[in-house]
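Beneath this line is the structure, given in structure tokens, with notes to follow.
The values are calculated or read from the model by the stated rules, or taken from the named source; none is laboratory data. Note that the structure is predicted; figures quoted are calculated from it, not measured. Please note: Cβ atoms are built from the backbone with ideal geometry, for glycine as well, and neighbour counts cover all protein chains shown.
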Amino acid sequence: MELRPLGSTGIMVSPLGLGTVKLGRNQQVKYPQAFELPSDNAVRELLALARELGINLLDTAPAYGSSQQRLGQMLGAQRKDWVIVSKVGEIFEHGESRFDFSYEHTVATVEQTLKTLKTDYVDCVLIHSDGNDLAILDNQGAASALIDLKQRGLIRAHGMSSKTVEGGLRVVRDMDVVMATCNVDYNDELPVLQAAAEQHKGVLIKKGLMSGHVQGEDGVRQSFAHVFAQPGVSSMIVGTINPDHLRSNVRLLQQVLEGAA
């Protein structure tokens, strides 16, 4: 797959990113079917397949159970081959999520993420919104912390996985990357994508396949076509632990992108 710019960050990403929540967490997730966490060997094979297929983007978070720990153990010298997007704000413990958007917790989270991933930088860190986007940006310390971490060279880009149009527009104005929801059934955040395209900001799409509820190749192809018809989209994050699904997703996306060329 041909890499795309992540806005004006200087980071190049594959149009399909691999979501890694299923590598480390199977509680309180929104997928249609229950699943077992994959073995270490299965994770290694999945990562190797992703690279073989041209994927260079991994989406992870401390709240994704053991996802970051497993990535840190397996990437090793191949770390430089990957663009890693991580998150701050959400803490998942004892089967439940809670949130902390303070300056101190944000810095501590990123510093721990670096240790867990066994790396000296993270390509992009997003605030994982609980839905109160503007309140987080205006009244909490997370955004300031990410600015300082970027100045320290610990992260290359910052942004938010937002949940409102107003929040997404603020992220586009003040930060490097916005992660927004877009799919065939939900287009409320299209103004955010348009603003990001106009201001050359990075756009990552979440829930493009409606958390696995899109069925069949025609449905997946239609979903890809819809998302990548929107302005400014850098990459769409799709989580899977099924090698056949990964191959199929890449093939269908290639068909869509080649058809649009």
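Hey, can you tell me all the residues within segment 200-226 that are in contact (Cβ under 8 Å) with a residue 40 or more places away in the chain and either surrounded by fewer than 21 Cβ atoms within 10 Å (Cβ to Cβ) or under 14 Å from the mean Cα position of the chain (by Cα) (or both)?
His200, Gly202, Val203, Leu204, Lys206, Ser211, Gly212, His213, His226
What do you reckon, is Gln230 more than 26 Å from Ile127 (Cα to Cα), in contact (Cβ under 8 Å) with a residue 24 or more places away in the chain and not aromatic (Phe, Trp, Tyr)?
When the stated conditions are applied, Gln230 does not pass them.
Residues to consider are Gly153, Gly159; find the one that is small (Gly, Ala, Ser) and over 25 Å from Leu23 (Cα atoms).
Residue meeting the stated conditions: Gly153.
Of the residues in segment 13-43, how many are more than 30 Å from Glu2 (Cα to Cα) and aromatic (Phe, Trp, Tyr)?
Residues flagged as more than 30 Å from Glu2 (Cα to Cα) and aromatic (Phe, Trp, Tyr) within segment 13-43 amount to 1.
Take Lys115 and decide whether it is modelled with pLDDT of 95 or more, basic (Lys, Arg) and not in a helix (DSSP H, G or I).
For Lys115, the condition - modelled with pLDDT of 95 or more, basic (Lys, Arg) and not in a helix (DSSP H, G or I) - is not met.
Report yes if Gly89 is of a type outside the set (Asp, Glu) and within 25 Å of Gly131 (Cβ to Cβ), otherwise no.
yes
Taking helices (runs of 4 or more DSSP H) that do not extend beyond segment 1-76, which have at least 2 residues that are more than 24 Å from Gly95 (Cα to Cα)?
Fully inside segment 1-76 and qualifying: 40-52, 67-75.
Counting only residues that are of a type in the set (A, V, I, L, M) and surrounded by 21 or more Cβ atoms within 10 Å (Cβ to Cβ), which one in segment 228-240 is farthest from Val21 (Cα to Cα)?
Within segment 228-240, the match that is farthest from Val21 (Cα to Cα) is Val233.
Among the residues of segment 99-111, are any modelled with pLDDT of 95 or more, assigned to a helix (DSSP H, G or I), among the β-branched types (Val, Ile, Thr) and over 29 Å from Val172 (Cβ atoms)?
The answer is no, given that none of the residues of segment 99-111 is modelled with pLDDT of 95 or more, assigned to a helix (DSSP H, G or I), among the β-branched types (Val, Ile, Thr) and over 29 Å from Val172 (Cβ atoms).
Just to verify a result, which residue in segment 118-131, among those that are of a type in the set (Asp, Glu) and outside any strand (DSSP E or B), is surrounded by the most Cβ atoms within 10 Å (Cβ to Cβ)?
Asp130
For segment 171-197, name all the residues that are in contact with a strand residue (DSSP E or B) (Cβ under 8 Å, 6 or more places away or on another chain) and small (Gly, Ala, Ser).
Selection gives Ala180, Ala196, Ala197.
Conditions (1) surrounded by 15 or more Cβ atoms within 10 Å (Cβ to Cβ); (2) within 23 Å of Met179 (Cα to Cα), marked per residue:
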site: Val29; (1), (2): yes, yes
site: Leu37; (1), (2): yes, no
site: Leu49; (1), (2): yes, no
site: Gln68; (1), (2): yes, yes
site: Gln73; (1), (2): yes, no
site: Gly76; (1), (2): no, no
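Checking Leu134 against (1) outside any helix (DSSP H, G or I); (2) surrounded by fewer than 17 Cβ atoms within 10 Å (Cβ to Cβ); (3) among the aliphatic types (A, V, I, L, M), which single condition isn't satisfied?
Status for Leu134: all satisfied but (1).
Determine if segment 68-91 includes at least one residue that is of a type in the set (Phe, Trp, Tyr), in contact with a Lys or Arg (Cβ under 9 Å, 6 or more places away or on another chain) and modelled with pLDDT under 95.
no
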